[in-house]
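Trainee: Here you go, one structure.
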Amino acid sequence: MLYAYILLTVRIGMLKQALEEVRKLDDVIEADAITGPYDMVVYLGVEGLTQLTKTLLHQIETIDGVTESMTLVVVDI
């Protein structure tokens, strides 16, 4: 299993709606609104990089209001 944190920027006034939509996605373990340069942090678990890419590009980034993302893949050290 591959885990990743995704930081999202969301248009003003769209955060609550975008957060609700993100939380509905199957691969999402947790999603929260945050302070700082990003508006939301999403923690997800997927089968691999291919699934991560599909989830990010075809599900998360297509949610209305999402304008930017940064993906941080968890590594085992």
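Trainee: Could you list all residues from region 58-67 that are part of a loop (DSSP other than H, G, I, E, B) and surrounded by 15 or more Cβ atoms within 10 Å (Cβ to Cβ)?
Mentor: Matches in region 58-67: ILE63, GLY65.
Trainee: May I ask you to list pairs of residues, at least six apart or on different chains, whose Cβ atoms are under 9 Å apart, with the first in region 4-29 being of a type in the set (Lys, Arg) and the second being assigned to a strand (DSSP E or B)?
Mentor: Going by the 9 Å Cβ cut-off, the qualifying pairs are ARG11/VAL66; ARG11/THR67; LYS16/ALA33; ARG23/GLU30; ARG23/ALA31; ARG23/VAL42.
Trainee: Filter region 47-70 down to the residues that are under 16 Å from ALA33 (Cα atoms) and hydroxyl-bearing (Ser, Thr, Tyr) and list them by number.
Mentor: Those that are under 16 Å from ALA33 (Cα atoms) and hydroxyl-bearing (Ser, Thr, Tyr): THR67, SER69.
Trainee: Anything in region 1-27 that is touching a Pro at 6+ places or on another chain (Cβ under 9 Å) and more than 10 Å from VAL66 (Cα to Cα)? List them, or say none.
Mentor: Matches in region 1-27: LEU7 only.
Trainee: Follow-up question, since we're still on this one. Would you confirm, using the coordinates I've provided, whether GLU30 is charged (D, E, K, R), out of contact with any Lys or Arg (no Cβ under 8 Å at 6 or more places or on another chain) and part of a strand (DSSP E or B)?
Mentor: Spelling it out, GLU30 is indeed charged (D, E, K, R), out of contact with any Lys or Arg (no Cβ under 8 Å at 6 or more places or on another chain) and part of a strand (DSSP E or B).
Trainee: Name the residue that is farthest from LEU19 (Cα to Cα), counting only residues in region 33-57 that are in contact (Cβ under 8 Å) with a residue 24 or more places away in the chain and assigned to a strand (DSSP E or B).
Mentor: That would be VAL46.
Trainee: Looking at MET70, MET40, can you tell me which residue is at pLDDT 95 or above, within 11 Å of TYR5 (Cα to Cα) and surrounded by fewer than 15 Cβ atoms within 10 Å (Cβ to Cβ)?
Mentor: That would be MET70, the only listed residue that is at pLDDT 95 or above, within 11 Å of TYR5 (Cα to Cα) and surrounded by fewer than 15 Cβ atoms within 10 Å (Cβ to Cβ).
Trainee: If you take the residues in region 44-57 that are surrounded by fewer than 16 Cβ atoms within 10 Å (Cβ to Cβ) and hydroxyl-bearing (Ser, Thr, Tyr), which one is farthest from the chain's Cα centre (by Cα)?
Mentor: THR50
Trainee: In region 9-24, is there at least one residue being in a strand (DSSP E or B), buried (at least 18 other Cβ atoms within 10 Å of the Cβ) and touching a Gly at 6+ places or on another chain (Cβ under 7 Å)?
Mentor: yes
The values are calculated or read from the model by the stated rules, or taken from the named source; none is laboratory data. Fair warning: this is a prediction, and the values are worked out from it, not measured in the lab. Note: ideal-geometry Cβ built from the backbone for every residue, glycine included; neighbour counts use all protein chains shown.
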